[in-house]
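One structure is given below, encoded as structure tokens.
The values are calculated or read from the model by the stated rules, or taken from the named source; none is laboratory data. Quick caveat, the model's predicted, so the values are computed rather than measured. All Cβ positions, even for glycine, are placed from backbone atoms using ideal geometry, and neighbour counts span all protein chains on display.
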Amino acid sequence: MLIDVDTGRAKDQVPFQREFDLLRGRLAASDFDAMVARVNELIDASGGEVATAGWLPGSDWTGTPFEPIYTVAARQDYVRSAMFFGQLVWYVVMHRPEPWASGRYQVDGRDISSRTYFRLGVRG
């Protein structure tokens, strides 16, 4: 479940839903399911409390479940691939059972280009 921190309401759609649906429709269901499973694995492997979308997959998707984003869904468009991956992470977090929130943050005074998700109710 993904919560809007400002309103306290659950999110039920990814941003730019039509574009997400268009690209998702180009993927085989089994490929999309493998991507969802891998994003969940990456979130869990990172501790399951904080995840920054652009830092999860690495920069080379060759041979990974994410390769079809670039080769099939986005038709070799790097920018569209990156956007779809960000939407995919949003989708995955939105469907996790525990409550999460999201925002844009900085590291060392520089903006992080992708969203960071953090699990709510976790005490450090």
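Listed by first and then second residue, the pairs linking a residue in the range 108-124 that is under 21 Å from Gly86 (Cβ atoms) to a residue that is of a type in the set (D, E, K, R) and at pLDDT 80 or above, with Cβ atoms under 9 Å apart and 6 or more places separating them unless they lie on different chains, are Phe118/Glu49; Arg119/Glu49; Arg119/Arg96; Arg119/Glu98; Leu120/Glu98. Every test in (1) buried (at least 16 other Cβ atoms within 10 Å of the Cβ); (2) closer than 25 Å to Leu120 by Cβ is passed by Ala82 save one, and that test is (2). Within the range 85-124, being within 17 Å of Leu2 (Cβ to Cβ), surrounded by 11 or more Cβ atoms within 10 Å (Cβ to Cβ) and of a type in the set (Gly, Ala, Ser) holds for Gly86, Ala101, Ser102, Gly103, Ser114.
Report, by residue number, each residue of the range 20-47 that is under 21 Å from Arg104 (Cα atoms) and surrounded by fewer than 15 Cβ atoms within 10 Å (Cβ to Cβ). Answer for the range 20-47, where residues must be under 21 Å from Arg104 (Cα atoms) and surrounded by fewer than 15 Cβ atoms within 10 Å (Cβ to Cβ): Asp44, Ser46, Gly47.
When the criteria are applied in full, Val72 meets the requirement of being touching a residue at least 24 places away in the same chain (Cβ under 8 Å) and more than 23 Å from Ser113 (Cα to Cα).
Selection over the range 1-19 of residues that are loosely packed, with under 11 Cβ neighbours inside 10 Å and either in contact with a Pro (Cβ under 6 Å, 6 or more places away or on another chain) or more than 17 Å from Ser102 (Cβ to Cβ) (or both) gives a count of 1.
For Val50, the stated conditions hold: it is modelled with pLDDT under 90, surrounded by fewer than 17 Cβ atoms within 10 Å (Cβ to Cβ), within 17 Å of Arg119 (Cβ to Cβ) and within 15 Å of the chain's Cα centre (by Cα).
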